[in-house]
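The values are calculated or read from the model by the stated rules, or taken from the named source; none is laboratory data. For clarity, every value in this text was computed on a predicted model and none was experimentally measured. Heads up, the Cβs are rebuilt from the backbone with ideal geometry, glycines too, and the neighbour counts pull from every protein chain shown.
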Amino acid sequence: MAVQRKWPILLMSAALLSGLLAGCGNNGDNGGSASPASGAEASGSASAGGELKPITFSFYSEDPSPNWANMQDDIGKVITEKTGVTLNAEFAVGDPAQKSALIATSGKYPDIISAKGSINKFVDAGAVIDLTELIDKYGPNIKKVYGDQLNRLRYSNDDNAIYVLPSYNGVGHVNFEAGGGFELQHRVVKELGYPQIRTVKDFENAIKQYLAKHPTDDKGNKNIGLTLNADDWHMYISVTNPATATTGIADDGEYYTNPDTLETIYHYLRPEEKEYFRWLNHMNAEGLLDPESFVQKYDQYKAKVASGRVLGLIDQLWDYADGEKALKAEGKFDYTYGHYPVTLDEKYKSTVFWPTGFMAGYGIAISKTNPDPVRTIQLLDYLASDEGQVLLNWGIKDKHYTVDASGKRTMIKEVNDRRVNDAANFQKETGIGSYVIMAPHYGDGVKDPTGNYYTLRYPEQLAEDYSDVEKEVLKAYGATIWKDLFPKEEEFKELPWGAGWNISVPSDNDLTVLDEKLKNITWKMIPKAILAKPEEFDAVWDDYMKQLDKAGVKKAGELRTQLIKERVELWSN
């Protein structure tokens, strides 16, 4: 495949790659430079007195940030004080892919771009620069964070430039938090004596039995058995992705790749998944599925969760968290949710914790119109330093956390209570949680040179953050954290391509058109199959399969197979 000319082209030589890899540690046992002042002076960006001149960069992110406070939060002020930088930020609303495509073709680029699946659009438009030399000259902490994963930053086999600093996946990450699975309100399992929740039938029976006892809430409003979030791209998260996790394969995007042969197919072609959607059809026929699931907007979905009327969810915590935060703020902890390793039947095991390893691809890029790339990389390097990492995750010493005589770092109790139970307002005021994906960072489970974890998501802290109700439910199930209920990472073989959804599709690849066709068919036919009369389900599904075949689903699988093989080759070199 021919590679379009990029601006600027700074191909990474073997010698430069060796220079980048030199001095890179695995976990970062030594603290990196926390101040970018000396580098800024070298670039001519600092004042004669050595203090950094104030500078504002425009920043665009494909991820929403509803609690963004324009860097007037506690952490934002420290970042500006340390680096001289403020960010004029814009966050995508609606479909981020469409917004990014418009920006990429406009010729007017934000100074800093945080992109996920759309990064290829910016690369192909020549909108972003190769960061290789900037990292080598001004990024000691960046190199330290990535360590021996630095080779995964290369764009492709044909173009070894580094256009993105991956920030959506922490280096060395160990996932302790069961943010997915099937969710049930704590009041449901408590009322029923903590039944086994292992299969979709167990999940269904719990909802059915509780609704039979409590058809309405204490205000007379009808309780809802299960609601789905099908608004735009949330369709993937709440409606279609669970078909993979419940039938024994990894969440690899819209495709399934055979780990032995690397042959890839559109995952809906798997007969096991047809049976998962048949179960959702059954839930609808039984009156247990919210009839508004496929017409409600995201705000309406979150409002339903916040009302406390929804007994069950099939979603990711980050997708419904705003609704649950409202329940916590009102002290309605019985109405919040636990996570259960539900599968289609017991011959499968939940794949929620299938490990991907460190994934590149999604993250921070610097545009070719950025007025000062050196100052930008120094900002990112500061955020990647040990000082920066502690600041972003823990906040400010003695204001948000303390360090005892033994060196143990602990969140101040009152502060932590607000972080857990008044999360939105807390984030707006403190900035804790607002800046992590803006720079390279360590993952959960990685310790800094002081022996403390970089992040707040580790087993002891997770357990501490749980409400008394949550701890009661977990104890009843013989668990300390929700992850204890799920199959562990070591039960699965790490995929050598990371995750299929993390692989960008080149703009000139026919797969871009095919994927859009397949998506439009799937988003029309899956709801139709779920809402059909049970006796009509098979006919609707057969029609769905015929439409996919006519749209070129076989060719799409072949093209995706090629991309998977290229990713494995790139990461193997």
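The rows are residues; the columns are (1) assigned to a loop (DSSP other than H, G, I, E, B); (2) under 27 Å from the mean Cα position of the chain (by Cα); (3) assigned by TED's automatic domain parsing to the domain that holds residue 278; (4) within 20 Å of residue 278 (Cα to Cα).
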{"position": "506", "(1), (2), (3), (4)": "yes, yes, yes, no"}
{"position": "525", "(1), (2), (3), (4)": "no, yes, yes, yes"}
{"position": "535", "(1), (2), (3), (4)": "no, no, yes, yes"}
{"position": "538", "(1), (2), (3), (4)": "no, no, yes, yes"}
{"position": "543", "(1), (2), (3), (4)": "no, no, yes, yes"}
{"position": "563", "(1), (2), (3), (4)": "no, yes, yes, no"}
Legend entry - Hey, residue 103 buried (at least 21 other Cβ atoms within 10 Å of the Cβ), β-branched (Val, Ile, Thr) and not in a loop (DSSP other than H, G, I, E, B) or not: yes
Legend entry - Top-ranked residue in the stretch 468-481 [being part of a helix (DSSP H, G or I) and touching a residue at least 60 places away in the same chain (Cβ under 8 Å); ranked as surrounded by the fewest Cβ atoms within 10 Å (Cβ to Cβ)]: 468
Legend entry - Qualifying residues in the stretch 171-207 (those that are of a type in the set (A, V, I, L, M) and within 15 Å of the chain's Cα centre (by Cα)) - the one farthest from residue 281 (Cα to Cα): 171
Inset, instruction - Hey, could you check the stretch 436-467 for residues that are in contact with a helix residue (DSSP H, G or I) (Cβ under 7 Å, 6 or more places away or on another chain) and assigned to a helix (DSSP H, G or I) and say which is surrounded by the most Cβ atoms within 10 Å (Cβ to Cβ)? - result: 438
Legend entry - Extreme residue, modelled with the lowest pLDDT, among residues of the stretch 494-517 that are of a type in the set (Gly, Ala, Ser) and either closer than 19 Å to residue 151 by Cα or crowded, with 19+ Cβ neighbours inside 10 Å (or both): 504
Inset, instruction - Out of the residues in the stretch 328-361 that are hydroxyl-bearing (Ser, Thr, Tyr) and in a loop (DSSP other than H, G, I, E, B), state the one that is farthest from the chain's Cα centre (by Cα). - result: 348
Legend entry - the stretch 482-493, residues that are buried (at least 19 other Cβ atoms within 10 Å of the Cβ), outside any loop (DSSP other than H, G, I, E, B) and under 20 Å from the mean Cα position of the chain (by Cα): 482, 483
Legend entry - Residues that are part of a helix (DSSP H, G or I) and closer than 30 Å to residue 156 by Cα, drawn from the stretch 550-561: 551, 553, 554, 555, 556, 557, 558, 559, 560, 561
Legend entry - Evaluation of residue 190 against (1) among the charged types (D, E, K, R); (2) closer than 29 Å to residue 356 by Cβ; (3) in contact (Cβ under 8 Å) with a residue 40 or more places away in the chain (one fails), failing number: (2)
Inset, instruction - From the list 242, 195, 166, pick out the single residue that is in contact with a helix residue (DSSP H, G or I) (Cβ under 8 Å, 6 or more places away or on another chain), at negative phi and surrounded by fewer than 17 Cβ atoms within 10 Å (Cβ to Cβ). - result: 195
Inset, instruction - For the stretch 168-180, indicate whether the set of residues that are within 23 Å of residue 318 (Cβ to Cβ), out of contact with any Pro (no Cβ under 6 Å at 6 or more places or on another chain) and among the hydroxyl-bearing types (Ser, Thr, Tyr) is non-empty. - result: yes
Legend entry - Residue selected from the stretch 248-303 under the condition among the small types (Gly, Ala, Ser) and crowded, with 19+ Cβ neighbours inside 10 Å, by the criterion nearest to residue 514 (Cα to Cα): 253
Legend entry - Filter pass, residue 429 being farther than 30 Å from residue 87 by Cβ and assigned to a helix (DSSP H, G or I): no
Inset, instruction - Pull up the stretch 184-223, narrow it to residues that are outside any helix (DSSP H, G or I) and in contact with a Ser or Thr (Cβ under 9 Å, 6 or more places away or on another chain), then point me to the one that is nearest to residue 337 (Cα to Cα). - result: 185
Inset, instruction - Identify all residues within the stretch 169-192 that are acidic (Asp, Glu) and out of contact with any helix residue (DSSP H, G or I) (no Cβ under 7 Å at 6 or more places or on another chain); write none if there are none. - result: 183
Inset, instruction - Search the stretch 308-324 for residues being in a helix (DSSP H, G or I) and touching an Asp or Glu at 6+ places or on another chain (Cβ under 8 Å), and hand back the single one that is nearest to residue 290 (Cα to Cα). - result: 320
Legend entry - Residue check, residue 419 assigned by TED's automatic domain parsing to the domain that holds residue 112, at pLDDT below 95, assigned to a helix (DSSP H, G or I) and buried (at least 18 other Cβ atoms within 10 Å of the Cβ): yes
Legend entry - Filter result for residue 386 (buried (at least 22 other Cβ atoms within 10 Å of the Cβ), modelled with pLDDT of 95 or more and in contact with a Gly (Cβ under 7 Å, 6 or more places away or on another chain)): no
